[in-house]
1. Could you line up Thr26, Thr196 from fewest to most neighbouring Cβ atoms inside 10 Å?
2. Suppose each label sits 7 Å from its Cα in the direction of the beta carbon; what would the Leu120-Arg226 distance come out to in nanometres?
3. Hey, how much of the P(r) for segment 50-182 falls beyond 23 Å, as a percent of Cα pairs?
4. What ranking do 71-79, 146-154 get when scored by the average of other Cβ atoms within 10 Å per residue, highest first?
5. Using the per-residue mean of other Cβ atoms lying within 10 Å as a proxy for protection, in what order, highest first, do the peptides 184-190, 137-143 fall?
6. If I take R0 = 25 Å and measure r between the Cβ atoms of Lys24 and Met46 in this structure, what FRET efficiency does the formula 1/(1 + (r/R0)^6) give, to the nearest 0.05?
7. Subtracting the Cα-Cα distance from 0.36 nm times the residue separation, let me have the gained length for Leu79 to Ile162 in nm, one decimal.
8. State the extension gain, in nm to one decimal, for the chain segment bounded by Ala72 and Arg217, taking 0.36 nm per residue of separation less the distance between their alpha-carbons.
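No lab work stands behind these numbers, since they all come straight from the coordinates. Fair warning: this is a prediction, and the values are worked out from it, not measured in the lab. Cβ sites come from the backbone with ideal geometry, for glycine too, and all protein chains shown count toward neighbours.
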Amino acid sequence: MTTPAGTRNLISPTTEPRFDLRDKVTGQTRYVEDLPTPAGTASAAMLLSPYSHARLLSIDSSKAEKLPGVVAILDREHLDGLSPMLHTPRYEYMVKTLSGLLPDDQPLVVLDKVRFHGELVAAVAADDLRTAQKAVELIEVNYEPMEPVFDAAAALSASAPILHESKGTNLLLEDKLEWGNVERGFGEAVRIFEETYTSPSMFHHPMGVSPNFCMMRPSFGGQRTRLFATAMRWRTFSKSIASACVSGCRTSVAISEPKT
């Protein structure tokens, strides 16, 4: 195979193949769903917000609690000592906002209002998945829809709805990247283009990730939790889970991924 001068040959007989390539293309890779489910394992189902921006006026899960087979319910009325805020990843703490370092400001479940479509409102654990899903349907939620904002530029306008009222603005931080002599560059340029450039939201969904699926096995009287999941930031996940335990309880979290 030949390539033009100055270009990189992306296909080379000396290129090392991915260590997991053969197992994945032949269907041999095991994901979390492929792990055996221990007897007595509870299944969970989630209730997600149908709104992008709405105030949560009330939530009533009494009917779901009475459904046979329901083990536990998690919502703003059933935190039972759990920390309501998710742990902010350490790498984000290095980012300074307009009011200081990035705080833990994302709730585990909706507390006062929804700020994005699909935000977690409640979760139900039950003896089986069908019961958990049925219980979710029984939860009664009263929303007050609010004006959403979908565009970053529009979010900065004076009339834009504020997602976090306590901050008084939708602007979290400002940053800029520049190097070299910009003015000189403009002066020497043959032609200058002025435009507003945007990029779409991007998500990476590798085959190694099992969407919305994990398995937890508590042991040693609840002082140790083993989590089976496919994830990138192990330390972040373990801290978030450990910080969400009952106040005063010391819990260690071990995270594993299925072996092929």
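1. If I rank by nearby Cβ atoms, fewest first, I get Thr196, Thr26.
2. Rounded to a tenth, the inter-label distance reads 2.2 nm.
3. Tail of the P(r) past 23 Å holds 48 percent of the pairs.
4. Most protected by this proxy first, the peptides run 71-79, 146-154.
5. Ranking the peptides 184-190, 137-143 by packing returns 137-143, 184-190.
6. According to the calculation, E is roughly 0.35.
7. 27.2 nm
8. 50.6 nm
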